[in-house]
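**Q** Let me begin by handing over the structure; questions about it come next.
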Amino acid sequence: MNPNPRLPYLQSKTAALTTEPGVYIMKTQQGKILYIGKAKNLRNRVTSYFRDNPDHNLKTATMVSQVYDYDFIVTGSEYEALVLECSLIKQNQPPYNILLKDDKGYHYIRISPPPYSRITSEVQTDAPGTYLGPYMSGFLTRQTVQTVNRMFRLPTCHRAFPASFRKERPCLNHHIGQCMGVCKGEISEEAYAEIIADAVRFIKSGGDRTVSELEQRMMAAAERLDFEVAARLRDRIRTIRKAGERQDILDAVGVDTDVIGIAYAGQNAAVAVLIFRDGRLSDQSSFLIPEQALSDQWTDEFLYQYYSQRTGQDLPKQILLEQLPSEPELMQQMLVQQAGHTVSLERPVRGAKHRLVLMAKQNAGEKLSIKAGRTGKELMALEELGRVLGLKNPPNRIEAYDISNLSSSAMVAGMVVFEHGRPLKSAYRRFSIKEQDGQNDYAAMQEVIRRRFEEYQAVLETPESERICNAFAVLPDLILLDGGQGHVAAIAPILEQFALEIPLYGMVKDQKHRTRAIATNGGEIALREQQAAFALLTRIQDEVHRFAITYMKTKHKKASYALSLTQVPGIGEKRAQKLLLTYKTRAQLKAASPEALAQTAGVNLETAKQLHRLIAELPDA
């Protein structure tokens with residue numbers, strides 16, 4: 001079979017794909033859907049299709065040979081990806097989903113006969129019992145059975161009840177809280193049958209109705225003073241609700257809803273629309289847009305363009321956005337007139353709807369990350385940081401500085417650079433503090449920033465044809481200092497002297513040396529609510545601290561070693577430093593002959609021989 005000529009493009013696109021769970025949609029050049037699948041890790045799963053030497057079966061190889069491009073939808077969990085996958089397959093009936101379906105046909109959920117019934121997934125209906133189904137997806141059937149058994153703590157072992165009562169110790173599932181321990185013989189047939197009935201009711205009607213009925217029974221038990229039964233029902237309600245919290249993101253809307261998110265990167269932006277119909281996520285649309293095409297009123301422009309192409313029945317009853325249009329009433333009036341029914345615009349700030357907006361934003365970020373060659377999380381972190389700091393654009397190049405010293409000796413500074421959310425180690429620079437004798441962090445930081453931008457000016461004054469690659473030749477979009485408002489106030493005048501308008505902030509730590517906030521001249525900005533930006537800021541602060549303190553320790557060791565060399569008469573600090581500059585490592589210094597040492601240090605041979613003996617006696621580290 002001929003290889004797919006689009007493989008290099010598909011491999012390049014997949015290399016930047018997110019590792020989050022989601023659904024992927026394989027398409028032909030004409031846009032026809034070939035296959036829909038779900039993945040716990042989208043990048044790993046999709047990569048498996050486009051390897052250079054794949055070990056595919058005939059059906060998969062045939063499908064891959066026809067793939068021109070693929071789309072994807074990021075979800076909050078593998079379970080949500082599963083639900084979405086089933087929904088999309090039912091709606092689109094892709095040919096390779098039908099070809100690759102389980103050869104055994106339909107799947108069922110079986111409730112075995114009492115007493116002590118079991119709930120299992122089956123492909124046949126020959127065995128006695130009650131069956132739910134049929135279901136098209138074998139994986140969905142098995143996943144449902146696993147969820148229900150875990151939620152209601154039903155036994156999944158092979159022991160026969162009541163014959164096995166008290167004959168063996170309870171298994172590991174009981175000890176870790178995933179089984180009620182029927183084998184202990186302490187649960188009556190009636191109590192167990194009631195639990196099975198609740199589990200079946202949950203499968204048929206979902207969590208809300210089940211919880212409502214359990215609450216009524218719990219109240220009735222409490223009224224008749226049967227507190228033991230009421231407590232069991234209370235625990236069961238908590239378990240169902242806890243499980244529901246992990247699965248509610250796709251059930252967060254009760255009416256037809258569109259959820260709109262946007263992400264930025266450099267000169268581009270992406271918009272994602274998650275489309276909910278009949279209470280489920282049924283589709284999504286995404287658009288790559290040059291950032292310059294988005295004005296300050298991008299929400300208005302996008303809504304007008306996007307919804308003007310849709311008929312009344314295609315318009316939702318609810319639109320969730322991160323940012324409302326400038327004239328929401330006018331926009332709503334237009335949508336209502338076009339739809340023929342009420343359309344509400346909402347900007348949720350918390351709860352399940354807010355998580356849906358974040359999910360749409362993440363999908364937009366992932367679309368954009370493929371074009372930008374960065375992950376969606378990195379793009380979201382930069383956008384979030386820029387928004388919190390009030391920057392016009394996300395800070396794609398960030399410089400961070402930290403001062404490190406041991407008492408007042410070996411005072412140094414480190415500069416680290418993050419570009420597009422990742423460390424750019426080739427641009428890291430180290431500074432030895434030259435102008436400060438004592439411990440003065442503010443003055444030391446002023447010296448470092450002044451020297452950094454003097455280097456920048458020197459580059460500008462060099463003819464362009466003579467310039468070499470220099471980390472100081474590029475201005476950052478943001479400067480971060482390891483320190484608070486005092487550091488910002490000390491450095492701001494330096495930037496003014498160089499006529500540079502670069503955003504400047506401090507990184508504040510708490511008493512346990514953990515990132516707490518970001519400092520300005522006018523106060524502090526808390527970032528813990530902005531998780532992506534907070535994680536990036538913490539990473540930058542930890543990295544610049546690591547880099548600076550490593551340099552300080554290295555310099556301190558060299559200073560101590562140089563001091564040891566001055567024990568030889570005729571070897572002062574300057575000669576010791578000259579030796580260490582010539583011989584970069586202690587091994588090189590030990591390998592040097594007395595004649596070489598004499599020539600380097602500028603001393604006579606007898607002094608060099610004494611120095612050679614001392615070096616041989618000094619430890620290697």
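The values are calculated or read from the model by the stated rules, or taken from the named source; none is laboratory data. On a predicted model such as this, the values are computed, not experimentally measured, just so you know. Glycine gets a Cβ as well: all are built from the backbone with ideal geometry, and neighbour counts include every protein chain shown.
**Q** Those residues that are more than 20 Å from E366 (Cα to Cα) and surrounded by fewer than 17 Cβ atoms within 10 Å (Cβ to Cβ), I need them from region 2-30; list them, please.
**A** N2, P3, P5, T28, Q29, Q30
**Q** When you check A427 against the structure, is it modelled with pLDDT of 85 or more, out of contact with any Ser or Thr (no Cβ under 8 Å at 6 or more places or on another chain) and within 30 Å of E384 (Cα to Cα), yes or no?
**A** So A427 fits the description; yes.
**Q** When only residues in region 473-500 that are modelled with pLDDT under 90 and over 20 Å from Q541 (Cα atoms) count, which is farthest from the chain's Cα centre (by Cα)?
**A** A473
**Q** Determine whether R277 is among the charged types (D, E, K, R), at pLDDT 70 or above and over 34 Å from the mean Cα position of the chain (by Cα).
**A** no
**Q** Take the residues in region 420-446 that are acidic (D, E) and surrounded by fewer than 19 Cβ atoms within 10 Å (Cβ to Cβ); name whichever of them is nearest to G506 (Cα to Cα).
**A** Filtering region 420-446 down to residues acidic (D, E) leaves 435, 437, 441.
With surrounded by fewer than 19 Cβ atoms within 10 Å (Cβ to Cβ) added as a condition, the list becomes 435, 437.
Values: E435: 23, D437: 24 Å.
Top of the filtered list is E435.
**Q** Still on this model: So N97 ticks every box in (1) modelled with pLDDT of 80 or more; (2) under 30 Å from L356 (Cβ atoms); (3) not β-branched (V, I, T) but one. Which box is left unticked?
**A** Every listed condition holds for N97 apart from (1).
**Q** Just to confirm my filter: which strands (runs of 3 or more DSSP E) fall fully inside region 18-91 and include at least 3 residues that are at pLDDT below 90 and outside the structural domain of Q362 (by TED's automatic domain parsing)?
**A** Once the strands (runs of 3 or more DSSP E) in region 18-91 are filtered for at least 3 residues that are at pLDDT below 90 and outside the structural domain of Q362 (by TED's automatic domain parsing), what remains is 33-39.
**Q** In the list G105, G133, which residue meets the criterion of being on the phi > 0 side of the Ramachandran plot, modelled with pLDDT under 85 and surrounded by 14 or more Cβ atoms within 10 Å (Cβ to Cβ)?
**A** G133
**Q** Let me ask something else. Where residues in region 388-414 are in contact with a helix residue (DSSP H, G or I) (Cβ under 8 Å, 6 or more places away or on another chain), surrounded by fewer than 23 Cβ atoms within 10 Å (Cβ to Cβ) and not in a loop (DSSP other than H, G, I, E, B), which of them is modelled with the lowest pLDDT?
**A** S409
**Q** Something else now. Just to confirm my filter: which strands (runs of 3 or more DSSP E) fall fully inside region 476-556 and include at least 2 residues that are within 27 Å of R350 (Cα to Cα) and without any contact (Cβ under 8 Å) to a residue 40 or more places away in the chain? Give the steps one after another, and end with the answer.
**A** Details: elements: 478-482, 504-509, 515-520, 523-526.
The qualifying strands (runs of 3 or more DSSP E) are 515-520, 523-526.
**Q** A further question on this structure: Filter region 518-529 for residues that are over 10 Å from L389 (Cβ atoms) and at pLDDT below 80 and give the result.
**A** N521, G522, G523, A526, R528, E529
**Q** Just wondering, is there one or more residues in region 157-167 that are within 44 Å of the chain's Cα centre (by Cα), surrounded by fewer than 17 Cβ atoms within 10 Å (Cβ to Cβ) and not in a loop (DSSP other than H, G, I, E, B)?
**A** no
**Q** Also, I was wondering about something else. What pairs come up if the first residue lies in region 143-169 and is without any contact (Cβ under 8 Å) to a residue 24 or more places away in the chain, the second is surrounded by 18 or more Cβ atoms within 10 Å (Cβ to Cβ) and in a loop (DSSP other than H, G, I, E, B), and their beta carbons are under 7 Å apart, counting only those six or more places apart or on different chains?
**A** Within 7 Å, no pair qualifies.
**Q** Look at A197 and say whether it is of a type in the set (G, A, S) and in a loop (DSSP other than H, G, I, E, B).
**A** For A197, the condition - of a type in the set (G, A, S) and in a loop (DSSP other than H, G, I, E, B) - is not met.
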